[in-house]
Structure formats: C-alpha cells, structure tokens
Amino acid sequence: MSLEIDWKNNFYGISWAYEKDRLVVSTVFEDKKEAIAIARDIEDWSDKFTRLTIIEKDNDEFAICVYQDPLVSKNDRHLGLFRTGMRQSGGYEQAKPMMEEKSPLLQIAYAADVRDMNTYEQISRLVPMRKCRIIAEKDLKKQEYYYEKLANSQN
C-alpha cells in the first residue's frame with residue numbers, strides 16, 4: 001500500500017463559516033464534478049486521523065494543507081487538499097483565534113460564481129479535524145510536518 005498523497009490544489013480558495021459552535025473551513029471549488037468526487041473521498045475519512053495545517057508564510061500569505069494520515073488510514077487511495085497564496089489579512093485574521101481554540105470542521109463547497117455567496121453549495125458533510133496546527137513556514141523542516149513539506153514543495 002502506497003503512503004503517497006494525491007494533492008488536490010484546484011480549488012478557488014477558502015470560505016470561513018461558523019456552525020455547531022465550531023469554525024467551518026470550506027474549500028470552494030468552481031468545478032462541481034471535482035467537488036463531488038473529492039467529497040466522496042473525504043466521506044470515508046476517519047475523524048481520528050485527519051489533519052489541518054495552516055502554514056503562515058513570510059510574505060503575509062498562508063497555505064492550507066488538509067489530509068488523512070496515510071500511515072493509519074484504511075483507504076488504499078490517499079487524498080489531500082493544498083492551496084497556497086492566500087492573504088493573511090481579512091478573514092484569516094478573524095478565523096485564526098477560533099482555530100487555535102478548537103479544531104475546525106472541514107467542508108467541500110461548490111460555487112457557480114465565487115464572487116456571489118448565494119451561488120455557494122455545500123457538497124460534503126462536516127468533517128471534524130483531529131489535529132489543527134498553525135505553523136510558520138520555517139517549521140516545515142521538522143519531521144512531524146513531512147506531508148505538509150511535500151505538499152508545499154510540489155505546489
């Protein structure tokens with residue numbers, strides 16, 4: 001069984017929401033078929049082995065890395081979500097304290113028009129993240145961030 005993660009980075013960005021007393025991180029896709037396929041994959045994720053890492057970069061940007069740990073996953077195929085180049089100013093600044101307090105929920109969303117919130121559609125269930133970490137880019141050197149480093153170097 002392979003431990004490689006197939007990184008999906010073809011999503012528009014992140015939408016922040018609050019539901020069930022928790023922050024919801026929605027990865028917003030502009031391709032509905034892709035959003036549905038990814039939602040199917042994450043349906044099987046075990047709540048015990050999910051990871052969400054925010055990588056704060058030096059240039060006021062951040063990256064998001066979400067995956068199920070392939071070392072303990074029962075799935076044959078390993079999928080991860082990675083996106084970089086998003087600005088720390090704005091929504092992230094408000095979301096960060098909530099993520100530091102309690103791990104957020106992940107959701108896959110589709111938007112017919114990303115500029116119009118009325119076109120956003122929830123595609124997946126709310127997936128609890130077991131671990132949520134906010135790190136500096138220089139921390140990627142540490143072994144515990146092996147998968148985050150791999151995703152960051154490939155994108």
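Which of the three applies to segment 70-133, rounded, prolate or oblate, going by the alpha-carbon gyration tensor with a ≥ b ≥ c and a/c under 1.5 meaning rounded? Since a/c reaches 1.5 but b/c is at least a/b, the shape of segment 70-133 is classed as oblate. Using the Cα gyration tensor of the chain, with a ≥ b ≥ c the square roots of its eigenvalues, what is the shape: rounded (a/c below 1.5), prolate (a/b larger than b/c) or oblate (neither)? Verdict is rounded for the chain.
If you count the DSSP beta bridges with both ends in segment 1-141, what percent of them are antiparallel, to the nearest 5? Taking every DSSP beta bridge within segment 1-141, about 60 percent pair in antiparallel fashion. Given the C-alpha centroids of segment 11-85 and segment 90-146, what is the distance between them in whole angstrom? For segment 11-85 versus segment 90-146, the Cα centre distance is 7 Å. Count the net charge of all other residues whose Cβ sits under 11 Å from the Cβ of ILE108, scoring Lys and Arg as +1 and Asp and Glu as -1. Surrounding charge for ILE108 is 0.
Taking each DSSP H run with n ≥ 4 as -39500 (n - 2.57) and averaging over every residue of the chain yields -6000 deg cm²/dmol at 222 nm. Under the criterion of Cα pairs below 8 Å and six or more residues apart, the relative contact order for the chain equals 30 percent. Extension gain, GLN143-GLN122: 0.36 nm per intervening residue step, less the Cα-Cα distance, totals 4.1 nm.
Each peptide among 26-35, 103-112 gets the average number of other Cβ atoms lying within 10 Å of its residues, and from highest to lowest they stand as 103-112, 26-35.
Can you sort THR50, THR119 by solvent-accessible area, 1.4 Å probe, largest first?
The residues order as THR119, THR50, largest area first.
One compactness figure for segment 30-122 is 1.18, namely its Cα radius of gyration divided by 2.2 N^0.38 Å. In this structure the amide hydrogen of ILE123, modeled in the peptide plane, comes within under 5 Å of the amide hydrogens of ILE108, ALA109, TYR110, none closer than 5 places in sequence on its chain. Paramagnetic label reach from GLU93 (point 7 Å along Cα→Cβ; backbone nitrogen cut-off under 11 Å): within segment 117-148, no residues. Here the label points at ASP113 and TYR18, each 7 Å from Cα along the C-beta direction, are separated by 2.8 nm in the simple model.
Under 17 Å Cα to Cα from LYS32, which aspartates and glutamates show up? Leave out anything in the same chain fewer than 8 places away. Excluding near neighbours in sequence, the set is ASP41, GLU43, ASP113, ASP116, GLU121.
The values are calculated or read from the model by the stated rules, or taken from the named source; none is laboratory data. For clarity, every value in this text was computed on a predicted model and none was experimentally measured. Every residue, glycine as well, gets a Cβ built from its backbone with ideal geometry; the counts of neighbours run over all protein chains shown. Surface areas here come from the heavy atoms of the whole protein model, side chains and all, with no ligands, DNA or RNA. Shrake-Rupley method; radii C 1.70, N 1.55, O 1.52, S 1.80 Å.
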